[in-house]
Amino acid sequence: MTPTLDDRITGSLLGAAVGDALGGPVEGYTPEQIVERHGGRVTGIVGPWNGEAWRTARPIAPYHKGDGHVTDDTLMTHALIRVYEKVRDHLDAYAVADHLVPELIGNPVWIPELEAEALPLQRIFLAEKWIVARLHYGHVDPREAGNGNIVNCGAAMYMAPVGLVNAANPAGAYAEALDVAGAHQSSYGREAAGVFAAAVAAACAPGATPESVVEVSLSLAKDGTRSAIEAVAEVAARHADFESALIPLRAAVAPFDTVGPDYRAPSLGARRPSRLHAIEELPVALGMLLVGGGDYRRTVLGSVNYGRDCDSIATMAGALVGALRGESAIPSDCSKQVAEASRLDLHGPAAALTAVAHEVFARDTARRRAHEAAYTALTSAAR
């Protein structure tokens with residue numbers, strides 16, 4: 001049966017959170033290091049990389065990554081949903097300034113990795129702190145605030161809600177995400193946010209497949225982002241198992257990735273604006289979607305075992321599978337464990353965003369009909 005919109009929204013947000021929690025503890029490492037540390041590939045929720053020394057062990061300290069804890073990817077996603085709850089309509093860069101920034105600096109939430117209630121600002125990465133510095137303290141035009149920030153996946157990682165509100169309307173999702181992300185990112189970081197939102201919207205369309213999602217992404221993507229997705233998709237089409245795809249997918253995306261071969265020691269050109277490059281995370285997530293055939297475990301575990309920025313890769317991949325297949329695609333034991341370990345209600349944000357999505361569609365319908373009526377009057381008068 002075709003999943004309903006409500007089911008797809010729930011599946012997408014659950015899938016993203018579980019992927020985030022699965023990828024967190026192995027973020028930054030290579031597939032080979034992951035095998036050595038865990039005695040094989042990661043197949044479920046695992047503990048911190050450094051065991052009980054997580055509080056002080058570099059480079060992760062003081063974050064408790066692992067044991068089912070979500071990271072900043074999910075925290076930012078939920079914060080954006082709360083913005084949608086306030087605005088109850090499409091968002092833009094000004095919504096980031098007016099609502100998302102206050103969420104980050106004034107609304108304490110439970111931070112699983114800190115095992116404490118704190119402001120999201122105290123957990124988010126420097127690229128996200130940039131939003132606060134530029135908008136709250138610098139009073140920069142929100143539409144231009146992303147210029148000058150490091151270019152990474154920071155904006156893309158939490159754009160699933162934009163795709164879900166624009167379900168089955170990829171072009172609308174792309175445009176809205178570009179506007180929202182303008183307050184956060186520039187260049188290929190902003191482009192990735194738009195394309196990821198479009199991919200989620202495309203995954204919500206009845207009859208969508210992993211191949212159709214990639215096809216829609218390519219139809220909208222520009223410059224290096226499009227080239228990277230195309231290169232990865234071409235390689236992914238030759239694999240049906242993530243084990244054999246890990247090295248080829250990395251080789252395919254490497255020419256477009258500015259970080260370089262050593263994730264912990266980025267190159268001098270890392271994260272700088274460019275029309276020739278792309279973030280690594282989105283093309284690999286789309287590649288794993290093809291390799292996994294839309295199956296959650298194959299797709300997300302492939303993303304996790306890829307290593308590098310695998311919490312964000314798995315977040316994106318999980319969101320796409322959930323949007324395609326609905327909640328039943330997400331292993332219920334994993335979502336339950338992640339919700340309990342992270343002390344988060346994972347269904348609450350989904351229900352809230354679903355209500356907003358229905359309201360936005362009704363608003364869009366009324367606006368479209370008003371435009372149609374005006375156009376009809378204008379053209380009738382001409383005749």
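Applying the set (1) under 30 Å from Ala168 (Cβ atoms); (2) of a type outside the set (Val, Ile, Thr); (3) not in a helix (DSSP H, G or I) to Leu286 leaves exactly one unmet item: (3).
Only one of the listed residues (Glu117, Glu128) is within 18 Å of Met76 (Cα to Cα) and surrounded by fewer than 15 Cβ atoms within 10 Å (Cβ to Cβ). That residue is Glu117. The requirement of being at pLDDT below 95 and touching a helix residue (DSSP H, G or I) at 6+ places or on another chain (Cβ under 6 Å) is fulfilled somewhere in the range 62-70, by at least one residue.
Within the range 69-86, the residues that satisfy the criterion of being assigned to a helix (DSSP H, G or I) and either open to solvent by 30 Å² or more (accessible area, probe 1.4 Å) or of a type outside the set (A, V, I, L, M) (or both) are Asp72, Asp73, Thr74, Thr77, His78, Arg82, Tyr84, Glu85, Lys86.
Among the residues making up the range 256-293, those that are closer than 24 Å to Ala201 by Cβ and of a type in the set (A, V, I, L, M) are Ala278, Ile279, Leu282, Val284, Ala285, Leu286, Met288, Leu289, Leu290, Val291.
Going by the structure shown, is Ala127 over 21 Å from the mean Cα position of the chain (by Cα) and more than 30 Å from His358 (Cβ to Cβ)?
No, not satisfied.
A single member of Thr376, Thr365 is open to solvent by less than 30 Å² (accessible area, probe 1.4 Å) and without any contact (Cβ under 8 Å) to a residue 24 or more places away in the chain, and it is Thr365.
Yes/no per residue for (1) small (Gly, Ala, Ser); (2) modelled with pLDDT of 95 or more; (3) in contact with a Phe, Trp or Tyr (Cβ under 9 Å, 6 or more places away or on another chain):
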| position | (1), (2), (3) |
| --- | --- |
| Tyr188 | no, yes, yes |
| Val200 | no, yes, no |
| Ala208 | yes, yes, no |
| Ser212 | yes, yes, no |
| Ser219 | yes, yes, no |
| Ala231 | yes, yes, yes |
| His239 | no, yes, no |
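Of the listed requirements (1) over 18 Å from the mean Cα position of the chain (by Cα); (2) surrounded by 18 or more Cβ atoms within 10 Å (Cβ to Cβ); (3) of a type in the set (Asp, Glu), Asp89 misses just one: (2). Considering the range 194-248, and only residues there that are small (Gly, Ala, Ser) and in a loop (DSSP other than H, G, I, E, B), the residue that is nearest to Arg298 (Cα to Cα) turns out to be Ala240. Applying the condition of being more than 20 Å from Val304 (Cα to Cα) and either polar (S, T, N, Q) or in contact with an Asp or Glu (Cβ under 8 Å, 6 or more places away or on another chain) (or both) to the range 257-277 and asking which residue is most open to solvent (accessible area, probe 1.4 Å) yields Arg275.
The number of residues in the range 251-264 being without any contact (Cβ under 8 Å) to a residue 60 or more places away in the chain, closer than 23 Å to Asp73 by Cβ and not in a helix (DSSP H, G or I) comes to 4. Scanning the range 110-132 for residues that are hydrophobic (A, V, I, L, M, F, W, C) and in contact (Cβ under 8 Å) with a residue 24 or more places away in the chain turns up Trp110, Ile111, Leu114, Ile124, Phe125, Leu126, Ala127, Trp130, Ile131, Val132. Taking each residue of the range 11-30 that is at negative phi and open to solvent by 10 Å² or more (accessible area, probe 1.4 Å) and looking for partners that are modelled with pLDDT of 95 or more and assigned to a loop (DSSP other than H, G, I, E, B) with beta-carbon atoms closer than 6 Å, six or more apart or interchain, yields Tyr29/Gly307; Thr30/Gly307.
Residues are listed down the side, and each one gets a yes or a no for (1) farther than 17 Å from Ala203 by Cα; (2) within 23 Å of the chain's Cα centre (by Cα):
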residue: Ile313; (1), (2): no, yes
residue: Ser342; (1), (2): yes, yes
residue: Val360; (1), (2): yes, yes
residue: Asp364; (1), (2): yes, no
residue: Arg367; (1), (2): yes, no
residue: Leu378; (1), (2): yes, no
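The values are calculated or read from the model by the stated rules, or taken from the named source; none is laboratory data. From a predicted model like this one, the values you see are computed outputs, not experimental measurements. Neighbour counts run over all protein chains shown; Cβ positions are idealised from the backbone, glycine included. For accessibility, only protein heavy atoms count, side chains too; no ligands or nucleic acids. Shrake-Rupley method; radii C 1.70, N 1.55, O 1.52, S 1.80 Å.
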